[in-house]
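The next block holds one structure in the form of structure tokens; read it before the comments.
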Amino acid sequence: MVDPEDAEPLRIATYTFRSRSAQQWRVGRVLLAGDAAHEMPPFLGQGMCSGIRDANNLAWKLDLVLSGRAAPSILDTYQQERAPHVEKITRKAIEMGRLQTIRDPELARARDEWMLRALATSGAPAAYAFPGYDDGFFSAESCDHGTGVLFPQGFVTGIDQAPHRLDDLFGTGFHLVTTDAGVLGDEHLAAAARGGLDVFVLTSRDDAARSRALLAEEPGVHVLTDADGRYLRWFEANGCSAALVRPDSYVFGTTRDADGLTAVLAELAELSSLTVG
């Protein structure tokens, strides 16, 4: 706590935080991103982060369009996905700001006491769960869970003796990730190869040897050990065995079995010119 006796203010300025979003983020070849598309208060520290998410969302879609692998209409999914995401985070930032900037001393004291009681009773609050995408460039044939969320970032082993974060091993395209090598039929591996999709099989330590033996001769297939069980838990919690992950690490679609995987791959081929069907 800094009192007037501890410091001398050199400048005091009142700043008005704004929360707003453009009505239209794309007109033809002109696309808005970052502060040009939306503004939010700083209380959650997500202004620049949201701009980075905008750029990440746009980059791979522009790459598909400019390389002739998707129609320009895919760019319409940019605002469709990003605007509701930004709105949810903005509302949370406003909520945090109201809590942080209480000016009345009595109300601030009551807030502090409430927070201390909650901390003593329940412990540290859970981290803010960032929203996923409800609509956009995603599979309609997917399982009920997992689609539209950010794929987890965990540690895997198998490249060498050291653990690696899975994102460090991902390329820049779409990825097919499964925890069950048995779900991958020859047609799925062939489709992945045609579309340039890397395939990652994430196994437990006990199952790693069997999966490697099953897929030893398959090009473009990486059999890795789920070092801390994070991926095995994620797939189990979402009731699926495979996930098709977009270049921005959001899940395009999930599936429980081989037939479902065939449908999700076919849908990706239909929505783009990637030859995975």
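The values are calculated or read from the model by the stated rules, or taken from the named source; none is laboratory data. Here the structure is a predicted model, which means the values were calculated and not measured. Quick reminder, even Gly has a Cβ in these numbers, built from the backbone with ideal geometry, and neighbours come from all protein chains shown. Ligands, DNA and RNA are excluded from the accessible area calculation, which covers all protein heavy atoms including side chains. Shrake-Rupley method; radii C 1.70, N 1.55, O 1.52, S 1.80 Å.
In what sequence, largest accessible area first, do Val177, Val149 appear using a 1.4 Å probe?
Of Val177, Val149, the descending order of accessible area is Val149, Val177.
Could you tell me which of rounded, prolate or oblate describes the range 232-276, using a ≥ b ≥ c as the square roots of the eigenvalues of the alpha-carbon gyration tensor, with rounded for a/c under 1.5 and, failing that, prolate when a/b is larger than b/c and oblate otherwise?
In terms of gyration-tensor shape, oblate.
Between the helical axis of 76-100 and the dominant principal axis of the chain, each derived from Cα atoms, what acute angle in degrees is found, rounded to the nearest 10?
Taking the Cα atoms of the chain, the angle to 76-100 is about 30 degrees.
In the range 1-44, which chymotrypsin sites (Phe, Trp or Tyr not before Pro) fall in coil by DSSP and have 12 or fewer other Cβ atoms within 10 Å?
Here the chymotrypsin sites (Phe, Trp or Tyr not before Pro) that fit, given the DSSP loop and packing criteria, are Tyr15.
To the nearest 10 degrees, how steeply does helix 258-271 sit against the main Cα axis of the chain, on a 0 to 90 scale?
With rounding to tens, the tilt is 70 degrees.
Assigning unit charges at the beta carbon (Lys, Arg +1; Asp, Glu -1) and nothing else, what dipole magnitude in debye, to the nearest 20, does the range 58-124 show about its Cα centre?
Computed about the Cα centre, the dipole is about 40 debye.
Report, for the chain, the % of DSSP beta bridges that are antiparallel, rounded to 5.
In the chain, approximately 65 percent of DSSP beta bridges are antiparallel ones.
Would you mind getting the Kirkwood hydrodynamic radius of the range 131-198 from its Cα pairs, rounded to one decimal in Å?
Evaluated over the range 131-198, this radius sits at 14.3 Å.
Which part of the range 38-63 falls in the paramagnetic zone of Val27, meaning amide N under 18 Å from the point 7 Å along Cα-to-beta-carbon?
In the range 38-63, the label zone of Val27 (backbone N under 18 Å from the point 7 Å along Cα→Cβ) covers 38.
Restricting attention to the range 11-40, which trypsin sites (Lys or Arg not before Pro) occupy a DSSP loop and are surrounded by at most 16 other Cβ atoms within 10 Å?
Arg11, Arg18, Arg29
Taking the Cα centre of the chain as origin, sum charge times position over the Cβ atoms of Lys and Arg (+1) and Asp and Glu (-1), and report the length of that vector in debye to the nearest 20.
700
From the helices alone, meaning DSSP H stretches of at least four residues, give me the mean residue ellipticity at 222 nm for the chain, per-run term -39500 (n - 2.57), in deg cm²/dmol to the nearest 500.
Computed ellipticity for the chain at 222 nm equals -12000 deg cm²/dmol.
Protein chains only, probe 1.4 Å: how do Arg69, Arg103 rank by accessible area, largest first?
Ranked list, largest accessible area first: Arg103, Arg69.
Taking Rh as the Kirkwood radius computed over C-alpha pairs, what is the Stokes-Einstein D of the chain at 20 °C in a medium of viscosity 1.002 mPa s, expressed in µm² per second?
Value of D from the Cα-based Kirkwood radius: 100 µm²/s.
Roughly what angle does helix 47-66 make with the longest principal axis of the chain, taking Cα atoms, 0 to 90 degrees, to the nearest 10?
Helix 47-66 and the main axis of the chain meet at about 30 degrees.
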